[in-house]
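The values are calculated or read from the model by the stated rules, or taken from the named source; none is laboratory data. In this text the structure is predicted, and so the values were computed from the model without any measurement. Positions of Cβ are generated from backbone atoms using ideal geometry, with glycine treated the same way; all protein chains shown enter the neighbour counts.
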Amino acid sequence: MNAFQIAFTAIFALQALVAVRRFLGTHHLASLVFALAWLLAIVLVNAPELTTDAARLLGIGRGVDLVTYALLSLFLWAHYQHYLRYKRLENQLTVLVRELAILNAARPGPAAAPGPRGA
Amino acid sequence: MRSVGRGVAAGAAEVDVSRYTFPSATLYMPAVPGRVFIVVPAYNEGQRLLRVLDDLARTPHAVVVVDDGSRDDTFEVARGRGVYALRHTINRGQGAALQTGISFALREGADFIVTFDADGQHLASELDQLLAPVAAGQCDVALGNRFLSGTSNVPPMRKVVLHLARLFTFLTTGIRVGDCHNGYRVLSRGAASAIYLKQDRMAHASEIYDQILRAKLRFLEVPVTIRYSDETLAKGQRLSNSLSVLFQYLFGKITQ
């Protein structure tokens, strides 16, 4: 075991522990998925030949490349999902602002003196 | 054909014009069968809005100003002029403000909805020309066209941008429009109900063509004057802006 493996195994193990604790507390499935992902990371760091074997199987030269591609796709997908959610939130915010504006519409009356903001 | 001319009884003569106190004002009293609401989206337009409202006060129609979260006195100006004044608590963009005004006008029972820019580019005196074909049921939407009139002093650079926008509109929707992103429009109640702008910012002007097409609305282009001045050009759309509008539009299309 080299220094890199020792350090990263420690970090990932800690992360996995935190995720497991969170899962036990909240029973959120996402925490369990994260815990499993950290455990997988520990395995891959300590047995790099596993990713190399998988890469060969797919016709990619090195295991590190496979991991890079996988992470890149995952990141792009996650980013796009966030973008969609952001757009949805923006539209919802607009609807909210719109309803507020309509509810509080000032109606034409005798030319009113300019009041303070928000009056 | 949608419900053009609903509520014929509510004629223009019903509107109380006594609250308009402009001595030199000419009063345009068109025979429009129904209630007309003029929607004016405004963002930091304070002083320019004042003149626009004076101009619009010569028409007998209801005016709805939607203040899009301005930092200046836009909202107070509108309130002081005795028009419907709505305020977005947070700035949401021109498209959002337009839709707010349209939704409000529909709930107030509008038969015809006019969209009118707050920066003084449009002339209230030309409203009747735009209203006429919609009121007569010839079309559901009347779109202002600045190139048909020959009275608009369109700067050359602006011309290039507008013609590119026309081409883009044709390529994406197949609609052949003579002008693009002209904020002067008249919608019948049916048309306004069929349209819902989701592009909060500037891309709504392209989006509206998509929706006209999807809802199978009949539209006509009517010559209008656009007054260009240093003042109106200061805040208008620029070439550098159009790319960002293009991206807004395309991304909006993908994500809807």
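Inspect all residues belonging to segment A:52-61 and state whether any of them is within 12 Å of chain B (Cβ to nearest Cβ) and polar (S, T, N, Q).
In the first step, residues of segment A:52-61 are kept if they are within 12 Å of chain B (Cβ to nearest Cβ); the result is none.
No.
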Any chance B:Ala105 is in contact (Cβ under 8 Å) with a residue 60 or more places away in the chain, of a type in the set (A, V, I, L, M) and under 28 Å from B:Arg158 (Cα atoms): no
Could you go through segment A:78-92 and let me know if any residue there is closer than 28 Å to A:Thr9 by Cβ and more than 10 Å from every other protein chain (Cβ to nearest Cβ). yes
Segment B:61-113, subset more than 7 Å from chain A (Cβ to nearest Cβ) and hydroxyl-bearing (Ser, Thr, Tyr), residue surrounded by the most Cβ atoms within 10 Å (Cβ to Cβ): B:Thr74
Condition met for A:Ala16 (farther than 19 Å from A:Leu74 by Cα and more than 19 Å from the chain's Cα centre (by Cα)): no
Scan segment A:76-86 and give yes if some residue there is modelled with pLDDT under 90 and surrounded by fewer than 15 Cβ atoms within 10 Å (Cβ to Cβ), otherwise no. no
Of the residues in segment B:184-205, those that are modelled with pLDDT under 90, closer than 20 Å to B:Val114 by Cβ and among the small types (Gly, Ala, Ser) come to B:Ala205
Among (1) out of contact with any helix residue (DSSP H, G or I) (no Cβ under 8 Å at 6 or more places or on another chain); (2) within 10 Å of another protein chain (Cβ to nearest Cβ), there is one condition B:Ala135 misses while meeting the rest; what is its number? (2)
Which of the helices (runs of 4 or more DSSP H) found entirely inside segment B:183-234 contain at least 3 residues meeting this: surrounded by fewer than 18 Cβ atoms within 10 Å (Cβ to Cβ)? B:230-233
